[in-house]
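The structure under discussion appears below in the form of structure tokens.
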Amino acid sequence: MSQILVQTMDLLKQAAAEYSPDVVFACSFGAEDVVLFDLIAKHAPSIRIITLDTGRLPQETYDVMDACREKYGLKIELQFPAAPDVEQMVREKGVNLFYQSIENRKLCCEIRKVRPLKRALEGAEAWVTGLRREQASSRTDMQPIEDDAAFGIRKFNPLIEWSEKDIWDYIHANDVPYNKLHDQFYPSIGCAPCTRAISAGEDPRAGRWWWENEDAVAECGLHANPVSDVKGAH
Ligand code: SF4
């Protein structure tokens, strides 16, 4: 654990030294991201922290967002979807359009998540994510630092070698605020209508867009390239 913690801190310090103020941490306030929040506050506070408020987040996510703001005193830059885009989408397809088709779900993710993330990354030269290699087979080839072809910037993955146990050991040892939905069998937390608890033995990402056909590519588009994110962490 201590060795991967050193690697993580080195990567965060490198990202801050090479790219501040043009490096952002895209924080979803899941378990990995609160660990990174804590580490950034302690070791690399010049990294800007952004988060996407899709307008459909669970109350528990807002609770941990505020708990982090209060504990660490860091500015959190919220990025909202463009109101005209949301208004047009909801008028035309309804507020729960994502249950009707994969196409609709991807449109909702595009408007509420992907476009706001693109706006948040405008002008950035690098971003930091809480992706871990063991989260998905699609992440086997992930590197600690890589070029993000989708956004045309550098991507730092400081938690790449952490296990789930490492994450929770760190949270408990450092009294890091975390999303209370994790205590109710929600390993992966996204928007409230698109996230459910999982049962014992289910894939950790089975609670995301669970109504879709297993063969469909369940992908939110935030980490589409170069790492394909099947039912990813956001
Ligand atoms: S996760 Fe669901 S509610 Fe959130 S942006 Fe995607 S489709 Fe819309």
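The values are calculated or read from the model by the stated rules, or taken from the named source; none is laboratory data. Everything quoted here is computed from the prediction, not taken from an experiment. Reconstructed Cβ throughout: ideal geometry from the backbone, glycine too, with neighbour counts over all protein chains shown. Just so you know, the surface numbers come from the protein's heavy atoms only, side chains and all, with ligands and any DNA or RNA stripped out. Shrake-Rupley method; radii C 1.70, N 1.55, O 1.52, S 1.80 Å.
Looking at the range 71-112 only, could you name the residues that are within 20 Å of the chain's Cα centre (by Cα) and among the polar types (S, T, N, Q)?
Gln79 - this is the single residue of the range 71-112 that is within 20 Å of the chain's Cα centre (by Cα) and among the polar types (S, T, N, Q).
Report those strands (runs of 3 or more DSSP E) wholly inside the range 10-110 carrying at least 1 residues which are within 18 Å of Ala120 (Cβ to Cβ) and open to solvent by 50 Å² or more (accessible area, probe 1.4 Å).
48-52, 76-79
Can Trp162 be described as open to solvent by less than 80 Å² (accessible area, probe 1.4 Å), assigned to a loop (DSSP other than H, G, I, E, B) and over 21 Å from Ser20 (Cβ atoms)?
yes
Has the range 207-229 got any residue that is of a type in the set (Gly, Ala, Ser) and at pLDDT 90 or above? Even if it seems obvious, please write down each step before you answer.
Of the range 207-229, the ones of a type in the set (Gly, Ala, Ser) are 207, 216, 218, 221, 224, 228.
Remaining after also requiring at pLDDT 90 or above: none.
No: zero hits.
Can you say whether Lys155 is of a type in the set (D, E, K, R) and either modelled with pLDDT under 90 or open to solvent by 70 Å² or more (accessible area, probe 1.4 Å) (or both), as far as the supplied structure shows? Break it down into steps so the answer makes sense when it comes.
Working: of a type in the set (D, E, K, R): yes; either modelled with pLDDT under 90 or open to solvent by 70 Å² or more (accessible area, probe 1.4 Å) (or both): no.
In short, no.
For the range 172-206, enumerate the residues that are in a loop (DSSP other than H, G, I, E, B), free of Cβ contacts under 8 Å to residues at least 60 places away in the same chain, surrounded by fewer than 20 Cβ atoms within 10 Å (Cβ to Cβ) and not hydrophobic (A, V, I, L, M, F, W, C).
Asp175, Arg196, Ser199, Gly201, Glu202, Asp203
Would a scan of the range 113-129 turn up a residue that is over 18 Å from the mean Cα position of the chain (by Cα), under 29 Å from Pro204 (Cα atoms), open to solvent by 30 Å² or more (accessible area, probe 1.4 Å) and of a type outside the set (S, T, N, Q)?
No; the residues of the range 113-129 include none that is over 18 Å from the mean Cα position of the chain (by Cα), under 29 Å from Pro204 (Cα atoms), open to solvent by 30 Å² or more (accessible area, probe 1.4 Å) and of a type outside the set (S, T, N, Q).
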